[in-house]
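Enquirer: Encoded as structure tokens, here's the structure I'll be asking about.
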Amino acid sequence: MIQTSTVSSLSSQEGADEVFRQRRWLSFMFSKEVPPVPLDDERIVYPLERSNFLSRILFWWITPLMIVGYKRTITSDDLFKLDDNMEIGNIYQTFSKNLQKRVSYYQNKHVLKKCSKRGETLATTTVDRIHDLEDFILPKGALFMALCCSFWFQYVKSIIQVCVQGVATALQPLILKKLTEFVEKKSLGLNPAVGKGIGYSLGNAAFLVFTGVIINHAFYNAMSVGAKAKSILVKSVLTKSFVLNDLGRHKYPEGKINALITTDLNRIDFASISIPILAGAPFSLAITIGFLVHNLGVYALIGIGLFFVCFLILGSMIPAMKSFRKEAQEFTDKRVTLKQRK
């Protein structure tokens, strides 16, 4: 049960968002003093890189913000300030440099290919470079590679963490099996060594804690990359839309640009989590299949075969979903265009 009451005096700056005091089930455990909305110069810089090792591992650096949110509603002024490494302007500059390198590489490759057809080189070409680039089309993978170059370290770290978590989760039944055997022997009166049982219990608990912590770090890194990628792509789309010529405005009307920003780019957050999971799935899947075949023999192949059949059935639905998405986007473009004409 949550009750709210307006606390207009909490606002420490003119024009700040209205905040509400929160009365929750555990409010009696906290002081009645409600923290005020901080001024801009009082806001805390994103504390992750400045926290100690234990705080970073257990995400304790977010606790002060959570306490404020438990006592009252959070405003935009309560959020952390971004440091230089997380500022969209700085990230966008890095992305633009990486993208420009890719564009220059593919442009040079395109011009060199045309020069080779004419029996010329880049130094001896008789055709202007601009003329050779009139039919140049940037490959689809160039944008993806620019994003990879911009966020490769954090995203690779996320993929490794998911792989490690998958392997640890697949190996955990081994310890659980030993613990089950110990309990079975104890119930039969065989009196096994108590130390082994304690060790198996602590090992199983340690595996649970380890997998829980590492998967949360993997999700944090992946979602952080997704949020950054989405932000710089939105900025890129808006910047490009302001300088489109007549042909570009005809090819990319406002409806298509709005659909690109509001729908397509919103899926980046979901995709940023899905890719590490897909990358780490083969490791845990291989270990699990190995355990099944070892313990059940050929009978395990029935379940494994059924799993792959269901996987193929789901995969066969992807083309139909893409076709439906394309039709929906075309309908959205027409609807937005008609509304603008009215």
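The values are calculated or read from the model by the stated rules, or taken from the named source; none is laboratory data. Owing to the predicted nature of the structure, the values given are computational and were not obtained by experimental measurement. Positions of Cβ are generated from backbone atoms using ideal geometry, with glycine treated the same way; all protein chains shown enter the neighbour counts.
Enquirer: Can you confirm whether the stretch 125-141 contains a residue that is in contact with a Pro (Cβ under 8 Å, 6 or more places away or on another chain) and either over 30 Å from SER224 (Cβ atoms) or at pLDDT 90 or above (or both)? Even if it seems obvious, please write down each step before you answer.
Expert: Of all residues in the stretch 125-141, those in contact with a Pro (Cβ under 8 Å, 6 or more places away or on another chain) come to none.
Taking every residue of the stretch 125-141 in turn, none turns out to be in contact with a Pro (Cβ under 8 Å, 6 or more places away or on another chain) and either over 30 Å from SER224 (Cβ atoms) or at pLDDT 90 or above (or both).
Enquirer: For the stretch 291-301, state whether one or more residues are over 22 Å from GLY226 (Cβ atoms), assigned by TED's automatic domain parsing to the domain that holds ALA170 and either in contact (Cβ under 8 Å) with a residue 60 or more places away in the chain or within 29 Å of the chain's Cα centre (by Cα) (or both).
Expert: Yes, because at least one residue in the stretch 291-301 is over 22 Å from GLY226 (Cβ atoms), assigned by TED's automatic domain parsing to the domain that holds ALA170 and either in contact (Cβ under 8 Å) with a residue 60 or more places away in the chain or within 29 Å of the chain's Cα centre (by Cα) (or both).
Enquirer: For the stretch 35-57, which residues satisfy the criterion of being more than 29 Å from PHE20 (Cα to Cα) and touching a residue at least 40 places away in the same chain (Cβ under 8 Å)?
Expert: Scanning the stretch 35-57 gives a single hit, ILE57.
Enquirer: Suppose we filter the stretch 58-97 for residues that are touching a helix residue (DSSP H, G or I) at 6+ places or on another chain (Cβ under 7 Å), more than 25 Å from PHE30 (Cα to Cα) and assigned to a helix (DSSP H, G or I); how many remain?
Expert: Matching residues across the stretch 58-97 total 5.
Enquirer: Can you tell me which residues in the stretch 209-229 are surrounded by 15 or more Cβ atoms within 10 Å (Cβ to Cβ) and either closer than 30 Å to SER187 by Cβ or not assigned by TED's automatic domain parsing to the domain that holds SER187 (or both)?
Expert: Result: PHE210, THR211.
Enquirer: Applying the selection to the stretch 230-250, what residues are exposed (fewer than 13 other Cβ atoms within 10 Å of the Cβ) and of a type in the set (S, T, N, Q)? Give the derivation first.
Expert: Within the stretch 230-250, the subset exposed (fewer than 13 other Cβ atoms within 10 Å of the Cβ) is 238-240, 242-243, 245-250.
Of everything in the stretch 230-250, those that are exposed (fewer than 13 other Cβ atoms within 10 Å of the Cβ) and of a type in the set (S, T, N, Q) turn out to be THR239, ASN245.
Enquirer: From the list LYS178, LYS113, which residue is exposed (fewer than 11 other Cβ atoms within 10 Å of the Cβ) and assigned to a helix (DSSP H, G or I)?
Expert: The unique qualifying residue is LYS113.
Enquirer: Follow-up. Give the residue, chosen from LYS117, LYS140, that is charged (D, E, K, R) and under 38 Å from the mean Cα position of the chain (by Cα). Full working, then the answer.
Expert: Details: LYS117 fails: under 38 Å from the mean Cα position of the chain (by Cα).
The conditions single out LYS140.
Enquirer: So, one more: Looking for whichever is within 29 Å of LYS240 (Cβ to Cβ), outside the structural domain of ILE232 (by TED's automatic domain parsing) and out of contact with any helix residue (DSSP H, G or I) (no Cβ under 6 Å at 6 or more places or on another chain) here; the options are VAL111, VAL127. Which one fits?
Expert: VAL127
Enquirer: Please state which one of PHE331, PHE308 is loosely packed, with under 13 Cβ neighbours inside 10 Å, free of Cβ contacts under 8 Å to residues at least 24 places away in the same chain and over 28 Å from ILE215 (Cβ atoms).
Expert: PHE331
Enquirer: While we're looking at this one, here's another question. Only one residue in MET86, MET66 is of a type outside the set (D, E, K, R) and free of Cβ contacts under 8 Å to residues at least 12 places away in the same chain, so which one is that?
Expert: MET66
Enquirer: Ok, one more. Starting from residues that are exposed (fewer than 11 other Cβ atoms within 10 Å of the Cβ) and of a type in the set (Gly, Ala, Ser), keep the ones in the stretch 1-46 and report whichever is modelled with the highest pLDDT.
Expert: Ranking the candidates gives SER31 first.
Enquirer: Might you let me know whether the stretch 47-58 holds any residue that is modelled with pLDDT under 90 and loosely packed, with under 14 Cβ neighbours inside 10 Å?
Expert: For the stretch 47-58, residues modelled with pLDDT under 90 and loosely packed, with under 14 Cβ neighbours inside 10 Å: present.
Enquirer: Right, another one. Quick check on the stretch 211-244: of everything there that is touching a residue at least 40 places away in the same chain (Cβ under 8 Å) and charged (D, E, K, R), which residue is nearest to ILE275 (Cα to Cα)?
Expert: For the stretch 211-244, the residue satisfying everything is LYS228.
Enquirer: Another one. Can you pull out every residue in the stretch 236-286 that is farther than 25 Å from LYS326 by Cβ and not in a helix (DSSP H, G or I)?
Expert: PHE242, VAL243, ASN245
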